[in-house]
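K.L.:
Below: one structure in structure tokens.
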Amino acid sequence: MKFIHLALLSVLFFSSIAHAEIAVIVHPSAGFNDLNEDDIKRIFLGKSKKFPNGASTNPVNQSEGNNIRDQFIDKVLQKSPGQYRAYWSQLIFTGKGSPPKDSGNSAEIKAMVADNKDMIGYIDLVSVDDTVKVVFVAK
Amino acid sequence: MNLRNFAAFSSLIALCAGPVQASDIQFSGFGSFVAGIKDHDNSESYAGYRSHNFTFEPDSLIGLQATAQINDKVTGSVQLVSRGAQDWNTQVDWAYISYQVTDEFAWRIGRIRVPFFLYSDFIAVGYAYPWVSPPFETYSSPFSNLDGVDFIYRFSIDSVDMLIQGYLGSDTFTVDENFGSIGNFEGEVNKQFGIVAEASWSDFKLRYAYHAADVTLTPPDGTQLAVLQTLLATFNFDRTLERFSFDENYFDFHDIALLYDNGSVIFVAEATTASGDDEIPGASTSRSYYVTGGYRFGAFTALLTYGVQDDEEADLLQELDPTNPGFAFVIDPASGLTLGQAAAAAESALAFDTEQYTLGLRWDFSPGLAFKAEMIDHTDNKNAVNDAIITRAGVQFVF
């Protein structure tokens, strides 16, 4: 019985974490207001080096250990942590690309994106303010 | 100093040079420790396995890569790999300087892997693909690297992302005993060039590659092949000699592959055809294909593969002139084997007709580390003695 309670509790706990909303953010001066999930996937998987409007892009990741990172990889990139690692191994060891740089937590990513016109990152939706522009929200 | 040494040397200089800060050098690595066994002893190896003893050699390796950002546009990279199959000798798999001209376009000069197949660029990185190693019927090539130049160009058309790679180079290599029965002699590939086009859309990837080269293979004196060459020359069987001479043999190679991976279902199909103006080391035309289907449930992926190699072989008994005294010349008095029969047998031995089924399981038990287990049922349609079942399991990782 205790075990079942514990299991139920952990399900509730994890589902509440899984409910955090993730905002994909760019510099406020970016010449577009929306990106779709496919655009974001292609940019964060290194398949596309440009925003759909043709401007250069520089994606940044949250560092490992941040829950938002795992959720972004799961919900937006639709990969497990292992699949994400395997995918980038194909590029890292062939000189064909390197993954978006690990650049800290939501506050740090927000400050970087606010300072760099070509940057794109993702943060907890509750951390958003007017220093950055939200172009996609993953629920 | 050949180009390989030059590239390794320049990359090392780049890595050690003063202005490059330690923080600009990235080290990464990969490895495989896999044990396997064949169901019975047999002189003919399959996928590197030849005896009913557990061995780590064919599928175990460790690799280390150092990449230095020299400036905004220039990168130097070296990848060293030690393979159990080569007595753990360390080889330079990659060593190049890359010049990123624009976001989309880069030149590289140095030692690179030949992008023959869908998975050949990262064939040493088992963690990056579903199997312990890709299907052997397709992924067996007597050489895999070259010294030269290449370019990589990426662009997008609507939601289709394209990658074009072109290369030019040369290499010397040793054909080892794992590459069929003709094994263990020196080879040289010159004027090799190729072009690869990859289109990715949503969960699909389509890839086509074309490669061409002049290949020279020189069997050492005293081997059956060398004896055959001498006898064919003695009796003026010029055309047949040409087939077995592999001297600046121009060959061309096509590869087409389709990959679908939506995170839970994976499907891969790849087909190759290689033909030469004399013979491919193998046959007039060598063909192979495989299909793999897999399903992921949680951290586990179950995989089923079917693969075929079906080479076209010339009928040498038809081709050789029976009125030439050489045709009935007995080369082995004990068995009464004639030159005509020996040539036909050699042609047949060089052409493969094999297939395999593989059942595999991948368990991603920690990011960066996967456990894999496989059972391969290999059938040799020309020589049932070579049929084998290989069982192998182990870990593959990246760091």
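K.L.:
What's log10 of I(q)/I(0) for the protein assembly as shown at q = 0.07, 0.08, 0.09 Å⁻¹, Debye sum over Cα points only, no solvent?
P.N.:
-0.47, -0.60, -0.74
K.L.:
Calculate, for B:Phe365 and B:His40, the FRET efficiency according to 1/(1 + (r/R0)^6) with r their C-beta to C-beta distance and R0 35 Å; round to the nearest 0.05. Display every interim value, and only then the final one.
P.N.:
Working: r = 32 Å, r/R0 = 0.92.
The pair B:Phe365/B:His40 has a calculated efficiency of 0.60.
K.L.:
What size of dipole, in debye to the nearest 20, comes out for chain B about its Cα centre when the only charges are +1 on Lys and Arg C-beta atoms and -1 on Asp and Glu C-beta atoms?
P.N.:
Values: 20 positive and 53 negative charges, 304 e Å.
Charge dipole, chain B, about its Cα centre: 1460 debye, nearest 20.
K.L.:
Stokes-Einstein at 10 °C, 1.306 mPa s, Kirkwood radius from Cα pairs: D for segment B:149-251 in µm² s⁻¹? Numbers along the way, then the final one.
P.N.:
Details: Rh = 16.5 Å.
The calculation lands on 96 µm²/s.
K.L.:
Let me ask something else. Karplus couplings for segment A:117-134 from phi (6.51 cos²θ - 1.76 cosθ + 1.60, θ = phi - 60°), rounded to Hz, Gly and Pro as x?
P.N.:
Once rounded to whole Hz, the list reads 5, 9, 7, 9, x, 9, 9, 4, 4, 5, 7, 5, 9, 7, 7, 9, 10, 8.
K.L.:
Let me ask another. Would you kindly find the accessible area of B:Ile195, with a 1.4 Å probe and non-protein molecules such as ligands, DNA and RNA excluded, rounding to the nearest 10 Å²?
P.N.:
80
K.L.:
Now for a separate question. Could you tell me the accessible area of B:Arg108 in Å² (1.4 Å probe, neighbours in place), rounded to the nearest ten?
P.N.:
It works out to around 10 Å².
K.L.:
Segment A:87-118: which residues show an accessible-area loss of 50 Å² or more, assembly versus chain alone, 1.4 Å probe?
P.N.:
A:Gln90, A:Phe93, A:Thr94, A:Lys96
K.L.:
Taking the Cα centre of the protein assembly as shown as origin and charging only Cβ (+1 Lys, Arg; -1 Asp, Glu), how large is the dipole, in debye to the nearest 20? Provide the component values of the computation, followed by the final result.
P.N.:
Working: 36 positive and 68 negative charges, 512 e Å.
Rounded to the nearest 20 debye, it is 2460 debye.
K.L.:
Exceeding 29 Å between C-alpha atoms, which entries from my cross-link table qualify? They are A:Lys47/B:Lys73; A:Lys47/A:Lys110; A:Lys47/A:Lys75; B:Lys205/B:Lys382; A:Lys96/B:Lys372; A:Lys47/A:Lys139. All intermediate terms of the calculation are to be shown ahead of the outcome.
P.N.:
Numbers: A:Lys47/B:Lys73 19 Å; A:Lys47/A:Lys110 24 Å; A:Lys47/A:Lys75 18 Å; B:Lys205/B:Lys382 35 Å; A:Lys96/B:Lys372 26 Å; A:Lys47/A:Lys139 24 Å.
Check vs 29 Å cut-off fails for B:Lys205/B:Lys382.
K.L.:
By accessible area of protein heavy atoms, probe 1.4 Å, what ranking do B:Ile157, B:Ile152 get, highest first? List each step's numbers first, then the result.
P.N.:
Numbers: B:Ile157 95, B:Ile152 15 Å².
Greatest to least solvent exposure: B:Ile157, B:Ile152.
K.L.:
Using only protein heavy atoms and a 1.4 Å probe, report how much of B:Glu186 is accessible, in Å² to the nearest 10.
P.N.:
110
K.L.:
At a 1.4 Å probe, which residues in segment B:106-134 are at least 10 Å² less accessible with all protein chains present than in their chain isolated?
P.N.:
In segment B:106-134, residues shielded by partner chains: B:Arg108, B:Asp121, B:Phe122, B:Val125, B:Tyr127, B:Ala128.
K.L.:
Dividing the convex hull volume of the Cα atoms of segment B:336-399 by its residue count, what figure in Å³ per residue is obtained? Mind dumping the intermediate values first?
P.N.:
On the way: hull volume 7.6 nm³, N = 64.
Cα convex hull per residue, to the nearest whole number: 119 Å³.
K.L.:
Is there a pair in A:Lys41/A:Lys117; A:Lys49/B:Lys191; A:Lys79/B:Lys38 whose C-alpha atoms are over 24 Å apart, and which pairs would that be? The partial results should precede the final answer.
P.N.:
On the way: A:Lys41/A:Lys117 19 Å; A:Lys49/B:Lys191 32 Å; A:Lys79/B:Lys38 35 Å.
Table pairs above 24 Å Cα-Cα are A:Lys49/B:Lys191; A:Lys79/B:Lys38.
K.L.:
Let me test this: with uniform point scatterers at the alpha carbons of segment A:34-139, what is the Debye-based log₁₀ I(q)/I(0) at q = 0.14, 0.19, 0.24 1/Å?
P.N.:
-0.52, -0.99, -1.62
K.L.:
Here is a further query. Ordered by residue, what ³J(HN,Hα) values in Hz, to whole numbers, does segment B:318-325 give under the Karplus form 6.51 cos²θ - 1.76 cosθ + 1.60, where θ = phi - 60° and Gly and Pro are x?
P.N.:
6, 6, 6, 6, x, 7, 5, x
K.L.:
If you rank B:Leu80, B:Leu163 by how much accessible surface each has, with a 1.4 Å probe, what is the order from largest down?
P.N.:
On the way: B:Leu80 70, B:Leu163 10 Å².
Highest to lowest solvent-accessible surface, that is B:Leu80, B:Leu163.
K.L.:
Let me ask another. Express the accessible area of chain B per residue in Å², computed with a 1.4 Å probe while the remaining protein chains stay in the model.
P.N.:
Working: 17520 Å² over 399 residues.
For chain B, the per-residue accessible area is 44 Å².
K.L.:
With all protein chains present, how much of the accessible area of segment B:107-204 (probe radius 1.4 Å) comes from carbon and sulfur, to the nearest whole percent?
P.N.:
Exposed carbon and sulfur together represent 60 percent of the surface.
K.L.:
Can you give the log10 of the normalised intensity I(q)/I(0) at q = 0.11, 0.13, 0.14 Å⁻¹, computed with Debye over equal Cα scatterers of chain B?
P.N.:
Reported log10 I(q)/I(0), two decimals: -0.89, -1.21, -1.37.
K.L.:
Hey, how many Å between the Cα centroid of segment A:72-139 and the Cα centroid of segment B:362-399?
P.N.:
A separation of 35 Å, based on Cα centres.
K.L.:
Modelled label-to-label distance, B:Leu337 and A:Asp102, 7 Å Cα→beta-carbon offset: nm?
P.N.:
The answer from the label model is 6.0 nm.
K.L.:
If you take the Cα atoms of segment B:20-63, find Rg, then find the Kirkwood Rh from the mean of 1/r over all pairs, what is Rg/Rh?
P.N.:
1.35
K.L.:
Give me the inter-chain shielding for B:144-155: mean count of other chain Cβ atoms within 10 Å, whole number please. Provide the component values of the computation, followed by the final result.
P.N.:
On the way: counts 0, 0, 0, 0, 0, 0, 1, 0, 4, 0, 7, 3.
For peptide B:144-155, the averaged partner shielding equals 1.
K.L.:
Could I ask something else about it? Tell me: how much accessible area in total is hidden between A and B, 1.4 Å probe, Å², nearest 100?
P.N.:
Numbers: alone 8150 and 18630 Å², together 24450 Å².
The summed interface area works out to 2300 Å².
K.L.:
Can you put A:Met119, A:Met112 in order of accessible area, largest first, using a 1.4 Å probe?
P.N.:
A:Met112, A:Met119
K.L.:
Per residue, how much space in cubic angstrom lies within the convex hull of the C-alpha atoms of segment B:279-390? The partial results should precede the final answer.
P.N.:
Values: hull volume 14.5 nm³, N = 112.
Once divided by residue count, the hull of segment B:279-390 is 130 Å³.
K.L.:
Mind checking which of B:Val189, B:Gly222, B:Ser200 is farthest towards the positive end of segment B:139-245's charge dipole, using Cβ charges of +1 (Lys, Arg) and -1 (Asp, Glu) about the Cα centre?
P.N.:
B:Ser200
K.L.:
Let me have the 222 nm mean residue ellipticity of the protein assembly as shown computed from DSSP H runs of 4+ only, each contributing -39500 (n - 2.57), with the sum over all residues rounded to the nearest 500.
P.N.:
-6000 deg cm²/dmol
The values are calculated or read from the model by the stated rules, or taken from the named source; none is laboratory data. What you see is a predicted model; the values in this text were computed from it and never measured. Positions of Cβ are generated from backbone atoms using ideal geometry, with glycine treated the same way; all protein chains shown enter the neighbour counts. Ligands, DNA and RNA are excluded from the accessible area calculation, which covers all protein heavy atoms including side chains. Shrake-Rupley method; radii C 1.70, N 1.55, O 1.52, S 1.80 Å.
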